[in-house]
Amino acid sequence: MAIYEILIRGAVDGSLVGAHQIDWNEQGVPGLPRPLAVDAVGGVLGAAFATLATDYANLKAKADDYDAATVELAALKEKTADYDAVKAKADAYDAAQAAALATVSRRQFFQAAALSGLITPDEALSAVAGVVVPASIAAAINTLPEDQRFAAQMAVVGSRDFERLNPFVSLLAVSMGKTSAEIDALFTLAASL
């Protein structure tokens, strides 16, 4: 029984460019390659090489698609990171706005007013006890039109809670020369106490 192997060189397009037969002796030692006619093995192996070439082309196309998808995925991840950063900022802004528009207790309001330098700590303590309206707030109330003063005094003296959106808060802020942002900051601070 003869043992041999056939070495075939194929082109990328699947065609055969050469074939050699190597005979092996009984001791398992290969001999020198002998050229074979390509036609002799082409019918059998040509189809196999054509399939291999097609498979190679398909795999290369898939690899190229994968590379393109990887680049696209990286771009999407970057956009997602940008979106996440913007969303985090928006969420923080919304949280700050919610705090600024919160209803705060009498103690929180006057404590924040004292911490912000709007009134003194002693005035804050007296105001929380409900006996005295802080001087700067009383002065602001006195600048209001006559028909609004009593209601403003009652709101300050009688309120257990202060709402940022209460019209008197805005009126007093204007009377005290405070901006809307400063009042938002005051309520944000108060809500944190």
Do any residues in region 58-85 that are on the phi < 0 side of the Ramachandran plot and in a helix (DSSP H, G or I) have Cβ atoms under 7 Å from those of residues that are surrounded by 10 or more Cβ atoms within 10 Å (Cβ to Cβ) and of a type in the set (Lys, Arg), where the two are at least six apart or on different chains, and which pairs are they? none
Yes/no for residue 73 being at pLDDT 85 or above and surrounded by fewer than 14 Cβ atoms within 10 Å (Cβ to Cβ): yes
Determine whether residue 54 is out of contact with any helix residue (DSSP H, G or I) (no Cβ under 9 Å at 6 or more places or on another chain) and at pLDDT below 80. yes
Hey, among the residues in region 146-180 that are under 18 Å from residue 108 (Cα atoms) and aliphatic (A, V, I, L, M), which one's farthest from the chain's Cα centre (by Cα)? 157
Criterion first (aromatic (Phe, Trp, Tyr), on the phi < 0 side of the Ramachandran plot and loosely packed, with under 13 Cβ neighbours inside 10 Å) does residue 187 satisfy it? no
Out of all the residues in region 147-162, is one or more under 21 Å from residue 190 (Cβ atoms), loosely packed, with under 10 Cβ neighbours inside 10 Å and without any contact (Cβ under 8 Å) to a residue 40 or more places away in the chain? yes
Qualifying positions in region 111-124 - closer than 13 Å to residue 135 by Cβ, crowded, with 18+ Cβ neighbours inside 10 Å and not acidic (Asp, Glu): 113, 114, 118, 119, 124
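The values are calculated or read from the model by the stated rules, or taken from the named source; none is laboratory data. Every value quoted in this text rests on a predicted model; they were computed, and no experiment measured them. So basically every Cβ, Gly included, is an ideal-geometry build from the backbone, and we count neighbours across all protein chains shown.
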